[in-house]
Amino acid sequence: MIAALRSGVAGGRLSGLLLVALPVALLIWLVLWPVLQAIVGTVYFPGTGFSTASYAYFFTDAYSLRNLWLTLWVTALTSVLRVAVAMPIALYLRFRSGPVAALVQALALFPMFVPSVLVAYAFIRVLGPNGIVDTILVALHLPKLASPYLTPAGPIIGLVWDGLPLTLLLLLSGLGRVSIASVDAARDLGAGSFTLFTRIILPRIQSSIIVTLAFNVLGLFSAFTLPFLLGPASPEMMGPYMQRTFSDNADPLNATTQAVITFAFCAAFGLIYVRAIAKGRKAPA
Amino acid sequence: MAQVRLSGIAKAFGKVTALDAMDLVIEDGELVCLLGPSGSGKSTLLRLIGGFETPSEGTIAIDGVDVTRLPPERRPTAMVFQSHALWSHMTVHGNIAFGLKLRRLPRAEIRERVERVLDLVGLSGYGARLPSQLSGGQQQRVALARSLVIEPKILLLDEPFASLDQHLRERLRDEVRDIQQRLGITAVFVTHGQDEALAISDRIVVLADGRMQQVGRPGEIYAEPKTAFVAGFIGAMNMLDGTLADGEIAAGGLKLPAEGSGPARLAIRPEDIALSEPEEGRMVTVRRMIDFGSHVVVDSTLADGTHLRVQTDKAVRVEAGERVGIRVERWTVFAEGEEPRRYRSDTVRSFRDVRYA
């Protein structure tokens with residue numbers, strides 16, 4: 001009997017290992033191996049040995065640093081804006097129901113089904129020079145506004161819209177841990193909306209906000225389509241910069257160095273994400 | 001003084017009527033239980049009093065002040081929730097002090113009042129713990145303390161012990177009753193447990209399908225149910241469909257004296273049926289005996305197969321399959337559109353000694 005149980009447990013372990021084997025193999029093949037190759041390829045050169053010259057170049061080159069700084073700035077601002085825009089919608093959807101809430105949810109999730117290229121061209125048609133907004137302003141005999149197209153604000157607006165659904169879903173998942181009864185209990189004791197949010201809701205969804213921000217940063221840091229189509233040519237975000245260095249400048253070493261640096265930043269945020277997940281699992285419901 | 005007056009209160013969610021025009025006065029210092037099955041509207045009524053829902057019709061007044069449109073935070077009420085609803089990121093002290101901090105009381109007074117209420121609920125020294133470090137019963141005590149500390153005029157309890165085991169539930173309900181009486185606070189307690197309602201209430205409001213079925217003292221509700229629903233819902237009851245004719249009701253093989261005509265329901269409490277010798281009339285076949293320790297319930301069938309439960313002395317022993325006689329001592333007849341009629345047998349004789357073990 002015990003032997004049969006043991007063999008069952010062993011069989012379960014084996015099938016469990018087989019189930020995770022494929023994704024782990026893909027992770028090694030498609031992520032870890034190329035990362036290792038890139039790191040080694042940027043610091044070790046057959047015949048000449050080890051050199052960190054490409055990294056030294058990146059961190060002393062003013063243009064590269066401006067690009068990195070722009071990427072950090074756009075990533076930070078876009079992440080914060082996404083959470084700031086999605087939070088009120090998430091709160092509304094968590095604590096309200098009915099047809100209006102269903103409509104709000106459908107509208108908020110709509111960008112998830114629109115490809116980034118279409119978002120970019122829709123943006124140009126609406127906010128670009130001589131776009132719909134300009135046309136309306138002219139028709140009303142009002143002065144044209146400065147278009148955010150090809151300025152750092154361009155990719156920020158596009159990326160906020162594009163990433164809103166994922167941010168909303170992540171926040172909604174976190175808000176699911178805040179029971180309606182716990183909110184009612186605070187209201188019952190005299191808490192207004194601001195106190196409710198800051199004292200009851202926010203502390204309970206801290207880890208979800210960190211996860212949301214980390215997820216956003218991971219996607220934004222290496223974003224390509226929207227920064228490429230809507231952003232300025234100089235300085236530029238790391239995504240277009242890497243692509244241009246690789247194909248236009250035909251400089252794979254520096255492109256790979258930029259990729260490794262981008263990966264290092266993303267890995268740091270990945271670590272924050274993993275720690276937030278672990279903390280969330282330890283926290284009592 | 002803390003009186004609650006509900007006048008013509010109704011609540012509809014879309015096309016669904018959760019509560020139908022309801023009038024009720026809860027007097028100062030009274031503990032009233034709202035009792036009913038799931039979906040009867042008892043929690044909706046409590047949430048209306050607490051301000052978490054707004055009535056579709058009618059008014060709610062507390063101490064003569066109309067609070068119908070006031071939000072919860074502006075009513076002199078405090079609610080204890082079924083799920084405890086403690087804030088897990090705050091300590092016990094933080095949870096209890098929350099309402100006092102919102103009232104901007106001095107720090108020393110907050111500390112003193114929190115200590116006092118912790119003492120009241122038997123949790124002195126637990127202030128620094130997190131809710132996750134407490135048992136279910138302790139968590140519910142913290143929830144009670146959190147509501148009591150703001151000294152509400154009306155304490156609302158929404159099935160507060162539903163998630164606790166029977167033993168703990170009984171202990172806590174007695175504690176709540178003690179605290180409520182000591183503080184002289186008016187309380188409204190929602191439960192679907194009839195034992196709980198009978199044990200702690202000054203009055204019980206029985207609800208079904210959003211309608212008030214009966215309001216009365218526990219003993220009164222038990223002994224004199226006004227509707228067939230109340231009769232069947234409160235306590236154990238044999239409910240039999242029958243027909244009134246020729247001065248008697250015929251139901252499930254039983255015939256008992258009763259006035260009127262037409263269809264009716266016959267209600268007999270198990271303790272109102274006595275076992276008798278077979279020759280004394282109505283016969284039942286014993287299916288099984290259920291020994292509750294303090295008493296015995298004989299699950300039996302009448303000649304036509306109708307189930308009948310008989311509560312009797314714990315010393316009585318009968319066997320499954322045995323045929324025994326029964327005498328019905330009290331019964332109530334519910335006929336559509338009429339007041340219930342209660343009857344009592346004058347011919348009750350004791351069960352013979354041979355049947356005692």
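Would you tally the net charge around A:SER173, using a Cβ to Cβ cut-off of less than 13 Å, leaving A:SER173 out, and scoring K and R as +1, D and E as -1?
+3
Do the sum for chain B: with -39,500 (n - 2.57) for every DSSP H run of n ≥ 4, divided by all residues, what is the mean residue ellipticity at 222 nm, to the nearest 500 deg cm²/dmol?
Details: 8 runs with 84 residues, N = 357.
Computed ellipticity for chain B at 222 nm equals -7000 deg cm²/dmol.
Count charges around B:GLY50 for me, please; just the other residues with Cβ under 10 Å from its Cβ, Lys/Arg as +1, Asp/Glu as -1.
Working: positive: A:ARG187, B:ARG47, B:ARG75; negative: A:ASP184, A:ASP188, B:GLU53, B:ASP158.
Every neighbour counted, the sum reads -1.
If A:TYR241, A:TYR273 are ordered by their accessible area, calculated over protein heavy atoms with a 1.4 Å probe, which sequence runs from highest to lowest? Show your work: numbers first, answer last.
Details: A:TYR241 15, A:TYR273 65 Å².
The ranking, largest first, comes out as A:TYR273, A:TYR241.
Just A:PHE221, A:PHE113, A:PHE123 to compare: in a GNM of chain A, with alpha carbon springs under 10 Å, which one fluctuates most?
A:PHE113
Can you pull out the trypsin sites (Lys or Arg not before Pro) in the stretch B:78-186 whose DSSP state is coil and whose Cβ has at most 14 other Cβ atoms within 10 Å?
Values: sites: B:LYS101, B:ARG103, B:ARG104, B:ARG107, B:ARG111, B:ARG113, B:ARG116, B:ARG129, B:ARG141, B:ARG146, B:LYS153, B:ARG169, B:ARG171, B:ARG173, B:ARG177, B:ARG182; in loops: B:ARG103, B:ARG104, B:ARG129, B:LYS153.
Loop-located and lightly packed - B:ARG103, B:ARG104.
Round to the nearest 10 and report in Å² the accessible area of B:THR91, as given by a 1.4 Å probe over the protein chains' heavy atoms.
50
Using alpha carbons only, what's the Rg to Rh ratio of the protein assembly as shown with Rh from Kirkwood? Before the final figure, lay out the partial values.
Values: Rg = 36.0 Å, Rh = 31.4 Å.
Reported Rg/Rh, Kirkwood definition of Rh: 1.15.
If I model a spin label at A:THR135 and B:GLU112 as a point 7 Å from the Cα along the Cα→Cβ vector, what separation in nanometres do I get?
Output for this residue pair reads 7.3 nm.
Between the stretch A:150-216 and the stretch B:205-272, what's the alpha-carbon centroid distance in Å?
55
With a sphere of radius 12 Å drawn around the Cβ of A:GLN243, what net charge do the other residues whose Cβ falls strictly inside it have (Lys, Arg +1; Asp, Glu -1)?
Details: positive: A:ARG244; negative: A:GLU236, A:ASP248, A:ASP251.
Result for the neighbourhood of A:GLN243: -2.
For B:SER345 and B:ARG69, compute 0.36 nm times the residue count separating them, minus their Cα-Cα distance, and round to one decimal in nm. Don't jump to the answer; show the numbers that get you there.
Details: separation 276, 0.36 × 276 = 99.36 nm, distance 5.32 nm.
Gain in length upon complete extension: 94.0 nm.
Quote the accessible area belonging to A:TYR92 in square angstrom, nearest 10, computed with a 1.4 Å probe and with ligands, DNA and RNA left uncounted.
Here the accessible area works out near 80 Å².
Give A:LYS279/B:LYS11; A:LYS279/B:LYS153; B:LYS11/B:LYS153 a once-over and call out the pairs whose C-alpha atoms are over 32 Å from each other.
Correct reply: A:LYS279/B:LYS11; A:LYS279/B:LYS153.
What distance in nm separates the simple spin-label points at B:THR285 and A:LEU36, each placed 7 Å from Cα in the Cβ direction?
The two pseudo-label positions are separated by 8.0 nm.
What FRET efficiency, computed as 1/(1 + (r/R0)^6) with R0 = 30 Å and r the Cβ-Cβ distance, is obtained for B:ASP241 and B:ARG330, rounded to the nearest 0.05?
Working: r = 19 Å, r/R0 = 0.63.
Approximately 0.95, to the nearest 0.05.
Among the helices of chain A (complete DSSP H runs), which have Cα atoms covering no less than 24 Å along the helix axis and a Kyte-Doolittle mean of at least -0.5?
Details: long enough: A:2-27 (37 Å, 1.64); A:62-95 (49 Å, 1.14); A:153-175 (30 Å, 1.67); A:252-282 (44 Å, 0.75).
Qualifying helices, which must be both long enough and hydrophobic enough, are A:2-27, A:62-95, A:153-175, A:252-282.
Keeping all protein chains in place and using 1.4 angstrom, which order do A:CYS266, B:CYS33 fall into by accessible surface area, from largest down?
A:CYS266, B:CYS33
Tell me, how many Å apart are the Cα centres for the stretch A:34-76 and for the stretch B:135-165?
For the stretch A:34-76 versus the stretch B:135-165, the Cα centre distance is 60 Å.
The values are calculated or read from the model by the stated rules, or taken from the named source; none is laboratory data. Keep in mind it's a predicted model, so treat the numbers as computed, not measured. Methodologically, a virtual Cβ is constructed for each residue, glycine included, from the backbone with ideal geometry; neighbour enumeration extends over all protein chains shown. Ligands, DNA and RNA are excluded from the accessible area calculation, which covers all protein heavy atoms including side chains. Shrake-Rupley method; radii C 1.70, N 1.55, O 1.52, S 1.80 Å.
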